[in-house]
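Engineer: Below: one structure in structure tokens.
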Amino acid sequence: MRRHLVWLGSLALATALLVAVDGACAQPATPSQQPTDGQPAQAFEALTTTGERVSLATLRGKAVLLNFWSPT
């Protein structure tokens with residue numbers, strides 16, 4: 001029972017910290033940056049983990065997952 005309470009307390013603390021950091025770092029998007037339903041995403045380029053440059057246009061028609069929490 002004690003392990004469960006420690007685990008739940010840790011989970012609650014981590015959640016509270018994530019909410020606080022998200023609120024502190026959030027910047028409102030300008031109208032030109034806001035996504036629009038049914039419209040394509042804005043063009044951008046990024047580096048892969050191997051250093052290769054890739055653009056959104058080259059991935060058209062494929063599922064794209066963006067990881068904003070990368071350690072690099």
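Engineer: Which order do V54, V64 fall in if you start with the one that has the fewest other Cβ atoms within 10 Å?
Structural biologist: Going from least to most buried by this count: V64, V54.
Engineer: Could you give each residue of the range 49-56 its phi-based ³J(HN,Hα) in whole Hz, using Karplus coefficients 6.51, -1.76, 1.60 with θ = phi - 60°, and x for Gly or Pro?
Structural biologist: Karplus values, whole Hz, x for Gly and Pro: 5, 9, x, 7, 8, 9, 10, 4.
Where a number appears in this text, it was derived from the coordinates with a stated rule and is not lab data. If you're wondering where the values come from, they're calculated on a predicted model, not measured in any experiment. All Cβ positions, even for glycine, are placed from backbone atoms using ideal geometry, and neighbour counts span all protein chains on display.
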